[in-house]
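Take a look at the structure set out below.
The values are calculated or read from the model by the stated rules, or taken from the named source; none is laboratory data. Values in this document were obtained by computation on a predicted structure and should not be read as measured data. Glycine gets a Cβ as well: all are built from the backbone with ideal geometry, and neighbour counts include every protein chain shown.
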Amino acid sequence: MTETGSGTGGAAMTEKRGNTCWVQCPKCSAWHHVAPDLLRSTHVKMHCPSCHFEFFAAEAQAVIDP
Ligand SMILES: [Zn+2]
């Protein structure tokens with residue numbers, strides 16, 4: 001048997017939706033979704049589709065990371 005980690009949740013967490021992260025632009029306060037990977041990489045800037053401002057995840061006004 002190849003069972004690794006029996007307490008990680010599994011099934012319920014692998015639905016289609018559920019890994020959409022949201023950030024709020026520090027400039028215009030618009031919400032837009034970003035890839036989870038992008039949120040976690042501190043050296044990559046995100047781009048606001050509303051005002052075209054670029055900012056790091058740490059600079060976001062608010063973040064929703066489910
Ligand atoms: Zn913006």
Test: residue in segment 31-45 that is modelled with pLDDT of 75 or more, more than 10 Å from the ligand (Cβ to nearest atom) and of a type in the set (Asp, Glu): yes
Any hit, segment 6-24, residues being at pLDDT 85 or above, assigned to a loop (DSSP other than H, G, I, E, B), within 16 Å of the ligand (Cβ to nearest atom) and more than 9 Å from the chain's Cα centre (by Cα): no
